[in-house]
Amino acid sequence: MTQAEYLTTQLSPLRWPLYAFALEGGGGARAAEFLEIANPPDSAKAWQAYADEVSSLEEAGGSLRDVREILRLDPFCFFTVKLALAAQLFPAYRAVLDSFGGLTLDLALRVFSASREEASSLYALWRSQKRAAGLLFTDTGGGAPLRLRPVVFDFLLGLAAPPEHCAVLTPDAPLYPTLVNSDIPRLIAAQLSVRPSGNVFCLCGAKGSGRKFWVTRFLQEHGGICARLEPGEAFGKPEAMADLAAFLTLTGAFLYVGDYEKPLEALLRALRPANVFLACGEEASLPAAEGYSVIPLKTPVLGFEQRLAIWGTCMPEADAEDLRVMSARYRFTTGQILDACREARESAVRAGGAAVTAVCLHTACKGRLTHGMDKLAQRARSEYVWDDLILPKEQKELLFHIRDRVLYGETVRGAWGLDRRACGTSGVRALFSGPPGTGKTMAAQILARELGMEMYTVNLAMLVSKYIGETEKNLESVFTEAAKSAGVLFFDEADALFGKRGEQRDSHDKYANMQTAFLLQRFESFDGVALLATNLTSNLDPAFLRRIHLRVEFPAPDAETRVLLWKSFMENSRAPLDGGIDARFLAETFELSGSAIRNTVLTAAYIAAARSGVIGMGEILRAVGMEYAKLDKVLTARELGEWGEQLIP
């Protein structure tokens, strides 16, 4: 039997009570014509015919009986549902009801009741089932036309379509089940076996961590359907919520609610006792849900090997080493990896080639990062390369080692099994110490550039507060957002922040020591790359020195190093130079730091641009004199020697 034949059979007995009501009002002949009743009996016989036909259908199943049993409808309410369905399905029934003024609650009571007393009793019963009536009809007011909600009408027709403001949940993108596993489907099924309805499953995790996927995986393994509701206009609209509640109640479907901002208490009350999947953020608090069991479920965090496997599966054409770097540097969720792969391919096409390069991958990955570091620290950009950094071989090798710790950290910790129990956190922490101007900041910028990472210089003035607890809160924000940025965190003049703890003589000392203790603990647990620079190592707290992985000492440049610095700053530019510049004389005569030499060359360039147009010894020496003045030193004729006459006044 088709659904149409089933409904025709189930609704056919309604012609008798409608005809009986028409007889009492004097319109029996017209009703008999519409309803195709031949040799019309009297009113009592019509009701007896109705009772006989209904009793013969009592054992019949189908959507009508499902509605009656799910909502536990009394005979009158069930009769009203069938009247409304008949009016919406069959023109004959609609015509008869229209002749009575349309199907209203008052008409349904008068058709079904034998007396005013019975009608009054049935109305009271109807009011006691207010929620069921609200789920069934779009408006249950006494004088308003009764019309089945679209979702109820669809259900009775054998359809299971959610309301128009919802959709059936499907995964946004494929997830590779052999690469990522979770107990979430099993935990959901276990809870439902204990409590079949009235559960709020809070899926806690970052965007793209598979919150929707694990719901669909549960549905695949255990059956069922799930409607998806995103926060928007449906929230706070009673009729929209009633449509959704009717769909969930009749079908037994689950509801998935995306990342929410508004309170959900009203929504949960309207839907109770449905089962709801709620997508929460990593740090989101669980909602208040009276009458529900709230079950937090943590989505899995991908490890290095899992990220690498997903990268390789999504983008097999890319260079394996590039994918290894992406997996190590960007601790992405599955969704972020999928998005980055799509963006990298599109970027490669826009660039005019089919091959996905490392630049395309890095650009795509950086576009997936969401963080607030730009509000907390200053982004530092640099074009320096290793050749620009003039340092002894030992110091450069230490810097190379820092780079390698970042690049191969996941290999050592993951593939080789030296995990947190052996290595602590996966972060890299290094200290650059030495006199001012020896290249500490430049080295940090080169490392960040070499690693393809952004460098953020922490502004201590923005962090330190006179109010108790505010400094710690600001520091926590810096470390949290820095981890999200996948960038290099650079603390200049670190001794101002990581200074020694002192004897507690007053409350100020107590809170200062507490602040330092918090900073040390947070610094040690930081999983990113942190570089610190100081001119005063002796001022640092000893506990801090124990927490760094590497220390690089930047020495003041000797004469030979200064020769290289003078040549590097002058010869690696397009500035016009005359042939008489004596770099060795400059290096041996003036004990300047690397940054002072750079500033001197730049100052000489401005002097030359305004005068001769060529940088010579005169311009250089004049610039040296200006640099000496900054340092409260006097440039004497004895120091200039034979070059004294070259000094520009």
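Annotations for the structure displayed:
- The combined condition, being more than 22 Å from the chain's Cα centre (by Cα), assigned to a loop (DSSP other than H, G, I, E, B) and assigned by TED's automatic domain parsing to the domain that holds residue 189, is fulfilled by residue 274.
- Residues (touching a residue at least 40 places away in the same chain (Cβ under 8 Å) and of a type in the set (A, V, I, L, M)) located in the range 359-388: 361, 369, 373, 376, 377, 380, 385
Yes/no matrix, rows are residues, columns are (1) among the aliphatic types (A, V, I, L, M); (2) in the same structural domain as residue 570 (by TED's automatic domain parsing); (3) under 53 Å from the mean Cα position of the chain (by Cα); (4) under 18 Å from residue 570 (Cα atoms):
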residue	(1), (2), (3), (4)
597	yes, yes, yes, yes
600	no, yes, yes, yes
607	yes, yes, no, yes
624	yes, yes, no, yes
629	yes, yes, no, no
633	no, yes, no, no
637	yes, yes, no, no
641	no, yes, no, no
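- Some residue of the range 239-260 being in contact with a Leu (Cβ under 9 Å, 6 or more places away or on another chain), hydroxyl-bearing (Ser, Thr, Tyr) and modelled with pLDDT under 85: yes
- Summed over the range 538-560, residues that are out of contact with any Leu (no Cβ under 7 Å at 6 or more places or on another chain) and surrounded by fewer than 18 Cβ atoms within 10 Å (Cβ to Cβ) total 12.
- Just so you know, in the range 389-405 the residues that are in contact (Cβ under 8 Å) with a residue 60 or more places away in the chain and buried (at least 16 other Cβ atoms within 10 Å of the Cβ) include one that is nearest to residue 564 (Cα to Cα), and it is 390.
- Among residues of the range 284-327, those that are crowded, with 20+ Cβ neighbours inside 10 Å, touching a Gly at 6+ places or on another chain (Cβ under 8 Å) and under 22 Å from residue 367 (Cβ atoms), counted: 2
- Conditions (1) at pLDDT 90 or above; (2) more than 20 Å from residue 247 (Cα to Cα); number of the one not met by residue 114: (1)
- Taking helices (runs of 4 or more DSSP H) as the structural unit, those lying wholly within the range 350-450 and holding at least 2 residues that are within 29 Å of residue 318 (Cβ to Cβ) and either acidic (Asp, Glu) or at pLDDT 85 or above (or both) correspond to 358-368, 393-407.
- Residue match in the range 7-17 (condition: of a type in the set (A, V, I, L, M) and without any contact (Cβ under 8 Å) to a residue 60 or more places away in the chain): no
- Filter result for residue 573 (closer than 17 Å to residue 479 by Cα and among the hydroxyl-bearing types (Ser, Thr, Tyr)): no
- Boolean, residue 586 is assigned to a loop (DSSP other than H, G, I, E, B) and crowded, with 16+ Cβ neighbours inside 10 Å: no
- Filter result (buried (at least 21 other Cβ atoms within 10 Å of the Cβ) and within 30 Å of residue 370 (Cβ to Cβ)) within the range 187-201: 188, 200, 201
- The single residue among 227, 206, 189 that is assigned to a strand (DSSP E or B), of a type in the set (Gly, Ala, Ser) and assigned by TED's automatic domain parsing to the domain that holds residue 286 turns out to be 227.
Here's the yes/no breakdown for (1) β-branched (Val, Ile, Thr); (2) assigned by TED's automatic domain parsing to the domain that holds residue 245:
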site: 280; (1), (2): no, yes
site: 285; (1), (2): no, yes
site: 313; (1), (2): yes, no
site: 320; (1), (2): no, no
site: 332; (1), (2): no, no
site: 339; (1), (2): no, no
site: 347; (1), (2): no, no
site: 359; (1), (2): yes, no
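- Residue within the range 72-92 that is in contact with an Asp or Glu (Cβ under 7 Å, 6 or more places away or on another chain), without any contact (Cβ under 8 Å) to a residue 60 or more places away in the chain and either small (Gly, Ala, Ser) or part of a helix (DSSP H, G or I) (or both) present: no
- Here residue 333 meets each of (1) among the polar types (S, T, N, Q); (2) under 18 Å from the mean Cα position of the chain (by Cα); (3) surrounded by fewer than 15 Cβ atoms within 10 Å (Cβ to Cβ) with one exception, condition (3).
- Selection within the range 14-51 - under 15 Å from residue 79 (Cα atoms) and charged (D, E, K, R): 15
- Some residue of the range 316-324 being modelled with pLDDT under 85, touching a helix residue (DSSP H, G or I) at 6+ places or on another chain (Cβ under 9 Å) and of a type in the set (Gly, Ala, Ser): no
- A residue that is of a type in the set (D, E, K, R), surrounded by 20 or more Cβ atoms within 10 Å (Cβ to Cβ) and not in a loop (DSSP other than H, G, I, E, B) cannot be found anywhere in the range 589-609.
- Here the range 13-40 is the region considered, the condition is being part of a loop (DSSP other than H, G, I, E, B) and either at negative phi or polar (S, T, N, Q) (or both), and the residue that is modelled with the highest pLDDT is 37.
Per-residue answers, yes or no, for (1) more than 30 Å from residue 409 (Cα to Cα); (2) of a type outside the set (A, V, I, L, M):
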{"residue": "525", "(1), (2)": "no, yes"}
{"residue": "537", "(1), (2)": "no, yes"}
{"residue": "547", "(1), (2)": "no, yes"}
{"residue": "574", "(1), (2)": "yes, yes"}
{"residue": "577", "(1), (2)": "yes, no"}
{"residue": "592", "(1), (2)": "yes, no"}
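Here is a yes/no grid of residues against (1) surrounded by 15 or more Cβ atoms within 10 Å (Cβ to Cβ); (2) within 21 Å of residue 157 (Cα to Cα); (3) charged (D, E, K, R):
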position: 81; (1), (2), (3): yes, yes, no
position: 86; (1), (2), (3): yes, yes, no
position: 90; (1), (2), (3): yes, yes, no
position: 114; (1), (2), (3): no, no, no
position: 117; (1), (2), (3): no, no, yes
position: 123; (1), (2), (3): yes, no, no
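- Hits in the range 337-385 (condition: exposed (fewer than 14 other Cβ atoms within 10 Å of the Cβ), among the hydroxyl-bearing types (Ser, Thr, Tyr) and farther than 19 Å from residue 489 by Cα): none
The values are calculated or read from the model by the stated rules, or taken from the named source; none is laboratory data. Only a predicted model underlies this, so the values are computations on that prediction, with no experimental measurement involved. Backbone-built Cβ (ideal geometry, glycine too); neighbour counts: all protein chains shown.
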